[in-house]
Amino acid sequence: MTNSKLDFGAILKQMATELTERIADYEADEILMIGIRTGGLWVASKLHKLMKLDSPLGELNISFYRDDFSTLGLHPEVQPSQLPVDITDKHILLVDDVLYTGRTIRAAMNEIFDYGRPASVSLAVLIDRNERELPISADVIGKSITLKPGEHAKLSGPEPLALDITKTG
């Protein structure tokens, strides 16, 4: 089932406005947006364009940083992360598609800190499921949703973006 009720264009514009306000006091060269592969990178790419950021867009692949890596195994198409600049003292705008347990964000932050020590990290997510296993929250949320037990949300895209809700089991 695809959730066609969501106006991703309007949601992304609102997120871009909130993020722009959040970084208003920073110099352009102090800001770096990073998208978490795959869905988070799609969202980050759209936000990066809407915000007209000068710095290149960074890309994280957190596959090796996941705490369930030993049970999932190596995905055959693992791509390396690409951070185009030194992140030390940068204000990082970390972007993901769906915030659920918080484990993906924890893994992303572990990887970010392996690259250097940023001045700050702000988290923006397109969808917040409002369920956590770790104490992680987003600074900018596009849309909060509540799913029924056994339902799973996955962003498909990149064109067009759509939220697919499926039943597990």
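The values are calculated or read from the model by the stated rules, or taken from the named source; none is laboratory data. All values derive from a computational prediction rather than experimental measurement. Here Cβ is always computed from backbone atoms with ideal geometry, including for glycine, and neighbour counts include all displayed protein chains.
Among what's in region 92-119 and is among the small types (Gly, Ala, Ser) and surrounded by 15 or more Cβ atoms within 10 Å (Cβ to Cβ), pick the residue that is nearest to TRP42 (Cα to Cα).
Restricting to residues being among the small types (Gly, Ala, Ser) and surrounded by 15 or more Cβ atoms within 10 Å (Cβ to Cβ), the top hit is ALA108.
Here's a check for you: in region 151-169, which residue that is more than 18 Å from the chain's Cα centre (by Cα) and of a type in the set (S, T, N, Q) is surrounded by the fewest Cβ atoms within 10 Å (Cβ to Cβ)?
THR168
Restricting region 123-150 to residues that are surrounded by fewer than 18 Cβ atoms within 10 Å (Cβ to Cβ) and among the small types (Gly, Ala, Ser), which is nearest to GLU21 (Cα to Cα)?
Per the stated criteria, the residue is SER137.
Please go through region 7-56 and pick out each residue that is in contact with a strand residue (DSSP E or B) (Cβ under 7 Å, 6 or more places away or on another chain), hydrophobic (A, V, I, L, M, F, W, C) and either modelled with pLDDT under 95 or not in a helix (DSSP H, G or I) (or both).
ILE23, ILE31, LEU32, MET33, ILE34, ILE36, LEU53
Out of region 1-37, which residues are free of Cβ contacts under 8 Å to residues at least 40 places away in the same chain and either basic (Lys, Arg) or over 19 Å from SER144 (Cβ atoms) (or both)?
Listed by number, the residues that qualify are LYS5, LYS13, THR20, GLU21, ALA24, ASP25, GLU27, ALA28, ASP29.
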